[in-house]
Amino acid sequence: MYEGVHAHPDGRATAARLAKTAAAYGYGGVVIRNHGDAQTEYDPDRIGSHYGIDVVPGIEIRSNDPGQASGLVGNYRSKRTIVCVHGGPLNRFAVEQPTVDVLAHPMRDGDINHVLAKTATENGVHLEFNFARVLRAEGGKRVRAIQGLCKLRELTEKYDTPYVVSADARSHLQLRAPRELLAVGETIGFDREDIEAGLRAWGELAERNRRRRSESVVEPGVRVEPLDPREDED
Amino acid sequence: MSPKLSVWRPEHERVKHLPKHLRPRWRYLAVGIESWPEADIDRRAFQRAIWFAAGNLLGDTGSAALDASLLRFRFADAEGDAVVRVRRGEVERLRAVLATIDEIDGQPVGIRVRGTSGTVRACEEKYIRGPPERSEERTVALADTERPAVVRDDRIDVEVSDGRVGATALDIRDN
């Protein structure tokens, strides 16, 4: 299972510390998804081999302007393995872009309706179930966060929309082990399997994108097959 | 009030233990706690944090069903561990409650359930470690700037202008 995290200066721990802690918690990988305006320098391969965890370079594009966001997505698509878009006013923009992997926290400052969920499904854009406020807020804020997740769950179930799950940790202290997230999910009405699938989805996205970027892909939809032909979900 | 001086009570008022098959069955969770070097967390604060987290996440009914209590607690030098007892069958709910403890008295904490056992002793033997590694204060170079830090094995908590940043030996130049 994988987590999507924010490293210093977007958070309070370096990519290495997050990777170390995530590995100790039993994660197979971490996606470093710093916001575009708070990026971090790190060596994913060195950290990954040192702590025995897959460190995936990602980004979370944040902008108020869809035009600018579009340019940023195009720019980072080839540079990062996983491209997320900071949800809220950009929700509609993000679900319309097949080149976007994840729409982060779509319910925090925005909303998802049946049209957006359907569009996300068509474009393979994963919607994020962001547990930050379930874990770290209280009172009305948390109530609204849980309501948002429940609404999102109904829509993703109805339209079979791909999704990821994350605690959205901004430090090693905010990371929670997969079993803990399954328990929290269950408590607020999710099936454990759904949470697990959402944590795995980050890794599946990383694998798919790496495969797409590898040289075996001749052009979209056409690639040189390895010896054992596997079912291709793309 | 000496406990030796027992007052005579009629049969129906005497304290009696429940027969074994009616006693509650418990599970014991070993919990790891981590924070920043300056954090000061005591037993009462952690106990309170569990109560509040349970009340907030599960409400009074859920909290009552958990019947959770803190049996062992140690915290020093940014690290600690605890043993929490809970009704059997409520382990996953307690796990969820513990996961939602993100700060104690305003101090950010990382919480992890290391494991669960059927007895306190097994829980301690299997999951509670000995005294933690000694930390030392040192100046380290993070992003080309010398900064004060607290170093504990591979983990390095660096002091920056607006607080602390968690790093590891990999982040420090000359490592």
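Descriptive notes on the structure:
- Filter result for residue A:17 (more than 12 Å from chain B (Cβ to nearest Cβ) and touching a His at 6+ places or on another chain (Cβ under 7 Å)): no
- Of everything in the stretch B:161-175 that is closer than 24 Å to residue A:24 by Cβ and out of contact with any helix residue (DSSP H, G or I) (no Cβ under 9 Å at 6 or more places or on another chain), the residue that is surrounded by the fewest Cβ atoms within 10 Å (Cβ to Cβ) is B:163.
Rundown of residues vs (1) among the basic types (Lys, Arg); (2) open to solvent by 10 Å² or more (accessible area, probe 1.4 Å), yes/no style:
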position	(1), (2)
B:78	no, no
B:91	no, yes
B:112	yes, yes
B:134	yes, yes
B:144	no, yes
B:154	no, yes
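- Filter pass, residue B:94 being more than 22 Å from residue A:177 (Cα to Cα) and among the hydrophobic types (A, V, I, L, M, F, W, C): no
- Of all residue pairs spaced 6 or more apart or on separate chains, those with beta-carbon atoms under 7 Å, a first member in the stretch A:167-189 that is facing another protein chain (nearest Cβ under 7 Å) and a second member that is part of a helix (DSSP H, G or I) and among the polar types (S, T, N, Q) are A:172/A:21; A:175/A:21.
- Counted residues, the stretch A:82-136 - those being under 19 Å from residue A:6 (Cα atoms) and open to solvent by less than 30 Å² (accessible area, probe 1.4 Å): 22
- All of (1) among the aromatic types (Phe, Trp, Tyr); (2) open to solvent by 60 Å² or more (accessible area, probe 1.4 Å); (3) not in a loop (DSSP other than H, G, I, E, B) hold for residue B:8 with one exception: (3).
- Contact map, the stretch B:54-65: residues that are surrounded by fewer than 15 Cβ atoms within 10 Å (Cβ to Cβ) paired with residues that are assigned to a helix (DSSP H, G or I), Cβ distance under 7 Å, separation 6+ or inter-chain. Pairs shown: B:55/B:63.
- Residue list for the stretch B:77-107, filter: of a type in the set (Lys, Arg), touching an Asp or Glu at 6+ places or on another chain (Cβ under 9 Å) and more than 8 Å from chain A (Cβ to nearest Cβ): B:85, B:87
- Among the residues of the stretch A:38-47, not a single one is over 14 Å from the mean Cα position of the chain (by Cα), more than 14 Å from chain B (Cβ to nearest Cβ), at pLDDT below 95 and surrounded by fewer than 18 Cβ atoms within 10 Å (Cβ to Cβ).
- Residue check: residue A:150 meets all listed conditions (1) crowded, with 18+ Cβ neighbours inside 10 Å; (2) away from every other protein chain (no Cβ under 14 Å) but one, namely (1).
- Qualifying residue in the stretch B:17-30 (condition: surrounded by fewer than 21 Cβ atoms within 10 Å (Cβ to Cβ) and either under 30 Å from residue B:136 (Cα atoms) or at pLDDT 95 or above (or both)): yes
- For residue A:33, the conditions (1) within 14 Å of chain B (Cβ to nearest Cβ); (2) open to solvent by less than 40 Å² (accessible area, probe 1.4 Å); (3) under 17 Å from the mean Cα position of the chain (by Cα); (4) farther than 22 Å from residue B:36 by Cβ are fulfilled apart from (1).
- Condition met for residue B:151 (under 25 Å from residue A:170 (Cβ atoms), within 10 Å of chain A (Cβ to nearest Cβ) and not hydroxyl-bearing (Ser, Thr, Tyr)): no
- Hits in the stretch B:119-131 (condition: open to solvent by 40 Å² or more (accessible area, probe 1.4 Å) and of a type outside the set (Ser, Thr, Tyr)): B:121, B:124, B:125, B:126, B:128, B:129, B:130, B:131
The values are calculated or read from the model by the stated rules, or taken from the named source; none is laboratory data. Here the structure is a predicted model, which is why all the values come from computation and not from measurement. When we count neighbours, we look across all protein chains shown, and the Cβ atoms used for this are built from the backbone with ideal geometry, even at glycine. What goes into the accessible areas is simple: the full protein's heavy atoms, side chains included, and nothing from ligands, DNA or RNA. Shrake-Rupley method; radii C 1.70, N 1.55, O 1.52, S 1.80 Å.
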